[in-house]
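The values are calculated or read from the model by the stated rules, or taken from the named source; none is laboratory data. Keep in mind that this is a model prediction, so the values were computed, not measured. Here the Cβ positions follow ideal geometry from the backbone for every residue, glycine too, while neighbour counts run over all protein chains shown. Just so you know, the surface numbers come from the protein's heavy atoms only, side chains and all, with ligands and any DNA or RNA stripped out. Shrake-Rupley method; radii C 1.70, N 1.55, O 1.52, S 1.80 Å.
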Amino acid sequence: MLRVLTYNVRRCLGADGRLAPERIAAVIAACRPDVVALQELDVGRARSGGVDQARAIAAHLGMRSHFHPAMRVMEEEYGDAILTALPSRLVRAASLPERAGREPRGALWAAVTAGDAEVQVVTTHLGLDRRERAAQADALLGPGFLGNPACRDPVVLLGDFNALPGSRVHRRLAARLPDAQGNRGWARPTFPARLPLLRIDHVFVSRGVAVRGVRTVGGRLARAASDHLPLVADLDLAPAAGSRISVPREEPA
């Protein structure tokens with residue numbers, strides 16, 4: 001089994017106004033994931049005390065980080081990361097299409113070795129504008145990422161897509177990689193953390209992967225650490241012959 005987690009950490013800025021990468025790490029550690037996808041990390045930014053948040057969180061977890069700056073201003077960076085203690089290699093990191101005046105976005109692809117399988121893990125944080133998201137989804141589905149011949153099964157796509165189930169972007173991505181939560185549109189809301197109403201963080205998996213369970217991480221610490229809740233999925237990379245992606249049962253947050 002492979003446990004993956006996706007988490008928009010809002011530069012480790014909690015609901016109490018405190019910057020605390022160690023608190024984010026504590027929320028993640030309690031889940032014991034094998035692969036972690038993080039969005040909205042600050043690296044070397046004055047507003048966050050110059051900390052490399054990707055490395056700091058990885059160090060707390062005993063993992064290695066692959067970071068991609070969606071935005072870079074001089075020596076300050078802001079972007080997404082994949083963390084794991086498993087053998088891994090960075091395959092591709094690139095910017096995604098953006099509209100003028102909008103926050104830059106990017107995607108990160110790492111190959112992670114789990115047992116006998118090499119898992120292609122892609123994470124991203126899509127934009128707030130509907131047309132921008134559509135162009136970004138096209139780029140994800142294109143030859144740079146999911147459409148690349150090297151991006152072969154098993155594949156996991158996860159992150160903050162700013163797209164609700166049933167939206168155009170969600171449908172397009174789910175046609176290529178089914179949503180790990182199946183067709184249950186409003187299951188597992190992740191935003192806002194204090195009173196989650198929206199499911200905009202997702203895990204998509206290739207059809208040969210069986211989903212054993214999906215849950216959000218609740219509790220006082222998770223509600224305080226960021227404005228999103230983490231989303232966790234347990235995946236079977238080598239399901240028995242004939243098995244399909246299962247619809248996970250409801251689990252308490």
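Whether any residue in segment 14-24 is touching a Gly at 6+ places or on another chain (Cβ under 9 Å), surrounded by fewer than 19 Cβ atoms within 10 Å (Cβ to Cβ) and charged (D, E, K, R) is what I want to check.
no
Of the residues Leu5, Leu38, which single one is open to solvent by less than 10 Å² (accessible area, probe 1.4 Å), in contact with a Phe, Trp or Tyr (Cβ under 7 Å, 6 or more places away or on another chain) and assigned to a strand (DSSP E or B)?
Every option except Leu38 fails the conditions.
Could you please give the count of residues in segment 191-218 that are in contact (Cβ under 8 Å) with a residue 60 or more places away in the chain and part of a loop (DSSP other than H, G, I, E, B)?
Total satisfying the criteria: 3.
Looking at this structure, is Leu229 at pLDDT 95 or above and either buried (at least 21 other Cβ atoms within 10 Å of the Cβ) or on the phi < 0 side of the Ramachandran plot (or both)?
Taking the combined requirement at face value, the residue satisfies it.
Across segment 139-156, what is the number of residues that are farther than 18 Å from Gly213 by Cβ and surrounded by 14 or more Cβ atoms within 10 Å (Cβ to Cβ)?
10
When segment 192-217 is examined, which residues are found to be under 16 Å from Thr124 (Cβ atoms) and either of a type in the set (Phe, Trp, Tyr) or touching a Phe, Trp or Tyr at 6+ places or on another chain (Cβ under 6 Å) (or both)?
Ile200, His202, Phe204
Restricting attention to segment 75-86, does a residue exist that is hydrophobic (A, V, I, L, M, F, W, C) and in contact with a Lys or Arg (Cβ under 6 Å, 6 or more places away or on another chain)?
No, there is no match, as no residue in segment 75-86 is hydrophobic (A, V, I, L, M, F, W, C) and in contact with a Lys or Arg (Cβ under 6 Å, 6 or more places away or on another chain).
When only residues in segment 41-66 that are at pLDDT 95 or above, touching a strand residue (DSSP E or B) at 6+ places or on another chain (Cβ under 6 Å) and in a helix (DSSP H, G or I) count, which is surrounded by the fewest Cβ atoms within 10 Å (Cβ to Cβ)?
Arg55
Please tell me if Pro69 is under 30 Å from Val209 (Cβ atoms) and open to solvent by less than 70 Å² (accessible area, probe 1.4 Å).
Yes, satisfied.
Can you name the residue in segment 88-106 that is assigned to a strand (DSSP E or B) and closer than 13 Å to Ala135 by Cα and, of all such residues, is most open to solvent (accessible area, probe 1.4 Å)?
Looking at the filtered set, the residue picked out is Ser95.
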